Amino acid sequence: MVVVIDILRATSSITTAIAHGVEAIKPVESLVECRQLMMDGHIGAAERGGKKVGGFEVGNSPFSYMNPEFEDKKIAMTTTNGTVTLKKSKGALQVLVGSFLNYSALLSYLERLPCDVLLHCAGWKGKVNMEDTLFAGAIIYGLKQMFEYNSDAPMMAANLYKQAKNNLKAAIEDSSHVSRLIKLGLEKDVDFCLKFDEYKVIPILKGEYITKLKLSDMLF
Ligand code: MLT
């Protein structure tokens, strides 16, 4: 079981899209594949370096996915890190999408699972980042002692969250990606992606598409 985490902003945007009625999202690694899917009736969503890529309908701002015109539609999505991480996670028993926006819904599912859970932080271009580690820590903190850990890393992340939980934004305001997004005029995206429990949906990658986790998908 894998939870993919890319708080700023892929998994926050995916959670928002599914919560707002998007039928399914196909994460792809290349702009070419994304463009081809647009010709096949998908809405094209592409971000590189935090910016929307020209020629695509949307980038990776969660606010772009609140569009009622996207309801019941399919989206092809490619981002710098999040969609790569999703593809790398394929093959796991289940691949779920985690964000602060669906924190409690995700936690209440994880705490009842009879299997190992890997929290897969996207980071930035293969390197650790603050916000994804912070969210992983929030999950571990919320799960308390229900799981055994295979290293000190989970406890380190949980301690990071314990210290930051009263003001998440202050804890990550100097992080590389927050600085990048603020420079791009996207501070409102940062603020929104740090909100707890805006939505109750849990997106799940099944085959090639991300859809809403249904009762029939549950492992218990
Ligand atoms: C990503 O998927 O790489 C990130 O979400 C980048 C972004 O949207 O700013």
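Data overview
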| read-out | value |
| --- | --- |
| Reach of Lys183 by Cα under 24 Å, taken over lysines that are not fewer than 8 positions away in the same chain | Lys51, Lys52, Lys125, Lys127, Lys169, Lys195 |
| Chymotrypsin sites (Phe, Trp or Tyr not before Pro) lying in DSSP loop within region 90-161, provided at most 16 other Cβ fall within 10 Å | Phe147, Tyr149 |
| Residue pairs, from the table Lys144/Lys188; Lys87/Lys214; Lys87/Lys212; Lys90/Lys162, whose Cα atoms sit over 23 Å apart | Lys144/Lys188; Lys90/Lys162 |
| For the chain, accessible area per residue (1.4 Å probe, heavy atoms of protein chains only), Å² | 46 |
| Accessible carbon and sulfur surface of the chain relative to its total accessible area, %, 1.4 Å | 52 |
| Long-range amide H partners of Leu119 with built H, under 5 Å | Val3 |
| Computed label-point distance, nm, for sites Lys169 and Phe220 using a 7 Å Cα→Cβ extension | 3.5 |
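The values are calculated or read from the model by the stated rules, or taken from the named source; none is laboratory data. This one's a predicted model, so the numbers in the text were calculated from it and none came from an experiment. Note that each Cβ is placed from the backbone with ideal geometry, even for glycine, and that neighbours are counted across all protein chains shown. Note: areas computed on protein heavy atoms with side chains; ligands, DNA, RNA excluded. Shrake-Rupley method; radii C 1.70, N 1.55, O 1.52, S 1.80 Å.
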